[in-house]
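Read the structure below first, then the notes.
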Amino acid sequence: MMMDHVRVVYATKTQHSKKLAQAVAKALLVQAKSVDQCTKGEQSELLFIAGGIYAGKCNPALVSYAQSLDTEQVKNVVLITSSVSITQRKQQEIREILTMKGISVVDEITCPGAVFFIKLTHPNKRDLQFVAEAAKSIVAKTIIS
């Protein structure tokens, strides 16, 4: 089975994570896929997982996807997280699942999200550029080392 070097996946309720994943995928010259479109056994050296925090919790579809992964499929993960909350802008549950499986979480890129009328314009163009540039930098560092 051929192992792709880099893949980008996402789960979204508001389409924000899809936008972030697509910005990263475009910058890395790969395709972004919804976790619903992923098939068991897809492999990569570096997997970007994009998702939001909703009312303080990770997207259940993303949690389920993380639970399905193993070290035969993926070696390293970068989390991409959007959330209205500044203090809860981390995918802690996903990180714990992956770490317990022996999958290295090498970084987490975070940006503002939006809900209802709060931070309505996020993620905006600047957020998308920031996330894409951060992803390119992480890929360069990960591939070099």
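Rule-based calculations on the coordinates, nothing more; no lab input. This structure is a prediction, so every number in the text was calculated from the model and none was measured. Note: ideal-geometry Cβ built from the backbone for every residue, glycine included; neighbour counts use all protein chains shown.
Residue-wise HN-Hα couplings along region 124-140, as the Karplus relation 6.51 cos²θ - 1.76 cosθ + 1.60 with θ = phi - 60° gives them from phi, are 9, 4, 5, 4, 5, 5, 4, 5, 5, 5, 4, 4, 4, 5, 5, 4, 4 Hz; Gly and Pro carry x.
Counting lysine pairs in region 4-139 whose alpha carbons fall under 16 angstrom apart, excluding pairs fewer than 8 residues apart on the same chain, gives 13. Each residue of region 36-42 is assigned a 3J(HN,Hα), and the resulting list reads 5, 8, 6, 9, 4, x, 5 Hz, derived from the Karplus form 6.51 cos²θ - 1.76 cosθ + 1.60 (θ = phi - 60°), x at Gly and Pro. Placing dummy labels 7 Å off each Cα toward the beta-carbon, the span from residue 34 to residue 68 is 1.3 nm. Residues whose amide H lies under 5 Å from that of residue 74, counting only those 5 or more places away or on a different chain, are 44; hydrogens are built 1.01 Å from N in the peptide plane. Length gained on full extension, residue 129 to residue 101, computed as 0.36 nm times the residue gap minus the Cα-Cα distance: 6.9 nm.
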